[in-house]
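Here is the structure we will look at, set down as structure tokens.
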Amino acid sequence: MTTLTSPHDLLAAIPFLIGYHPSNSLVLVALNTDSVDKDAVGMAMRVDLPVDLSCESYDLLASHFTREKADGALLVAYTPAESAAGETVLINASAALMRAGIEIRESLLVQSNRFRSLLCIDSDCCPPEGSPVPEIDSSRIAAEHVIAGHPMPFATVDELIHSISALPSAAHESWFSEVNQFIIASDAKELNHLQRDGATAVIDLAGEYHVGRGAEDRELAARVIGRMSDIQVRDFALGSHSLESADSYWRMWRDLLVIAPTGFIAPIASVFAALAYERGEGALAQKALDRALADNPNYSLALLLRRVFTVGWPAKSFTKMRAELHPKVVATIFG
């Protein structure tokens, strides 16, 4: 999905852009004019519906659009039926974006499963009571995403969190012992040999996912999780996927995240978060970092990624940095 041509398209696209159906939220979508698509969809941001934000806070939101080099913006406020804050929030956010030179292409208020545009003054097409929110399943946007192999969005943020929560098997003592035997201590003898073994295990397990077998090889999955305790192996894993293999790696890290035992979660969650962010799944990336920092509050990569995601660093810039780092890590491990 590259363009949105109507309010119906926008409302159908937002759950795909953020990963779930929002509520009590302000969603801002960046538009970028390029040589192919007039209004290509760029970054999507979701924040809890603000009520008393200062002008400076709204300007901070707008600064992300400036960094993204956006030309236009689409705004949607999702508010409870009894709330009167939606219009004020949309007006304040629009003002901040316009101060930053961003054109407002649409501004929608969604309440009680109905929507109306603050920019439309034609009561025939935009009645004051609003229009019904269209069913997402029958939309062009949903069809495009399904054809592209993307899953349908989660109904709520709780369902999104549950999708990467630990399975009961992750807490089994026998499974912890299996993983723990592959841990790499920083002062280990033959450290480089163990790092090579870890990097090779990542590639081997990704190959299993590429052919559709998943993590059927229990020992190989344990080896990857355990070896990821080493920073060099983790950094190798961070850059080991390509555009063609990204889907296989995404499935692999997601599956390993829900079975990783306590003490081994942070590296897996951080790499998964990075890949999710590159795929445009910002909400999922942030929730993965929540898991990483719950496992290790001082985990440096998770803290770095939190800062990167929060300031709205463009995903393409992160992809470029990762690609530049990977050959150096490969040289360190394999010589």
### Message
Here's a check for you: in region 250-270, which residue that is open to solvent by less than 20 Å² (accessible area, probe 1.4 Å) and not hydrophobic (A, V, I, L, M, F, W, C) is farthest from the chain's Cα centre (by Cα)?
### Response
Pro261
### Query
So, in region 98-107, of the ones that are touching a residue at least 40 places away in the same chain (Cβ under 8 Å) and either in contact with a Cys (Cβ under 6 Å, 6 or more places away or on another chain) or among the aliphatic types (A, V, I, L, M) (or both), which residue ends up least open to solvent (accessible area, probe 1.4 Å)?
Ile102
#### Entry: So Ala283, is it part of a helix (DSSP H, G or I) and under 20 Å from Ala30 (Cα atoms)
yes
### Query
For region 147-183, how many residues meet the condition of being assigned to a helix (DSSP H, G or I) and not polar (S, T, N, Q)?
15
## Note on the structure
The condition of being within 18 Å of Leu160 (Cα to Cα), in contact with a Gly (Cβ under 8 Å, 6 or more places away or on another chain) and open to solvent by less than 40 Å² (accessible area, probe 1.4 Å) holds, among Ala273, Ala292, Ala283, only for Ala283
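Considering each of Glu219, Glu144, Glu208 in turn, give the residue that is at pLDDT 90 or above, surrounded by 13 or more Cβ atoms within 10 Å (Cβ to Cβ) and assigned to a helix (DSSP H, G or I). So that I can check it myself, show each step before the final result.
Values: Glu219 fails: surrounded by 13 or more Cβ atoms within 10 Å (Cβ to Cβ); Glu144 fails: at pLDDT 90 or above.
The unique qualifying residue is Glu208.
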### Query
Between residues in region 166-195 that are charged (D, E, K, R) and residues that are surrounded by 14 or more Cβ atoms within 10 Å (Cβ to Cβ), which pairs lie under 7 Å by C-beta distance while being six or more apart or on different chains?
Glu178/Ala222
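Please determine whether any residue of region 299-311 is in contact (Cβ under 8 Å) with a residue 60 or more places away in the chain and more than 22 Å from Ala199 (Cβ to Cβ). Outline the logic, then answer.
The initial filter retains those residues of region 299-311 that are in contact (Cβ under 8 Å) with a residue 60 or more places away in the chain, namely 301, 311.
With more than 22 Å from Ala199 (Cβ to Cβ) added as a condition, the list becomes 311.
Yes: one or more hits.
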### Query
Inside region 108-141, can you point out the residues that are closer than 26 Å to Lys287 by Cα and either open to solvent by 70 Å² or more (accessible area, probe 1.4 Å) or modelled with pLDDT under 90 (or both)?
Ile136, Asp137, Ile141
### Query
Taking Pro261 and the conditions (1) assigned to a helix (DSSP H, G or I); (2) at pLDDT 95 or above; (3) not β-branched (Val, Ile, Thr), which numbered condition does it fall short on, given that it satisfies the others?
(1)
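Can you find even one residue in region 171-179 that is modelled with pLDDT under 95 and open to solvent by 20 Å² or more (accessible area, probe 1.4 Å)? Working first, answer last.
Taking region 171-179 as the starting set, the residues that turn out to be modelled with pLDDT under 95 are none.
Taking every residue of region 171-179 in turn, none turns out to be modelled with pLDDT under 95 and open to solvent by 20 Å² or more (accessible area, probe 1.4 Å).
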## Note on the structure
In region 228-249, anything open to solvent by 20 Å² or more (accessible area, probe 1.4 Å) and over 15 Å from Val329 (Cα atoms) is listed as Ser229, Ser242, Leu243, Glu244, Ser245, Asp247
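Would you be able to tell me the number of residues in region 317-335 that are of a type in the set (D, E, K, R) and open to solvent by less than 50 Å² (accessible area, probe 1.4 Å)?
As a first pass, look at region 317-335 and keep what is of a type in the set (D, E, K, R): 320, 322, 324, 328.
Within this subset, residues satisfying the condition of being open to solvent by less than 50 Å² (accessible area, probe 1.4 Å) are 322.
Summing the residues that are of a type in the set (D, E, K, R) and open to solvent by less than 50 Å² (accessible area, probe 1.4 Å) in region 317-335 gives 1.
Hey, could you check region 295-316 for residues that are touching an Asp or Glu at 6+ places or on another chain (Cβ under 8 Å) and in a loop (DSSP other than H, G, I, E, B) and say which is surrounded by the most Cβ atoms within 10 Å (Cβ to Cβ)?
Start the filter on region 295-316 by keeping residues that are touching an Asp or Glu at 6+ places or on another chain (Cβ under 8 Å), which leaves 312, 314-315.
Retained after the next criterion (residues that are in a loop (DSSP other than H, G, I, E, B)): 312, 314.
Values: Gly312: 19, Pro314: 15.
Filtering first and then ranking leaves Gly312.
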### Message
What pairs come out if I take residues in region 248-271 that are within 14 Å of Leu205 (Cα to Cα) and pair them with residues that are aromatic (Phe, Trp, Tyr) and not in a helix (DSSP H, G or I) whose C-beta lies under 7 Å away, six or more apart or interchain?
### Response
none
### Task
Within region 184-205, track down each residue that is open to solvent by 60 Å² or more (accessible area, probe 1.4 Å) and outside any helix (DSSP H, G or I).
Ser186, Asp187, Lys189, Glu190
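The values are calculated or read from the model by the stated rules, or taken from the named source; none is laboratory data. The model shown is predicted, which means the values in this text are computed figures rather than measured ones. Cβ coordinates were reconstructed from backbone atoms using ideal geometry, including for glycine residues, and neighbour counts include every protein chain displayed. For the accessible areas, the whole protein counts, side chains as well, though only heavy atoms, and no ligand, DNA or RNA atoms are used. Shrake-Rupley method; radii C 1.70, N 1.55, O 1.52, S 1.80 Å.
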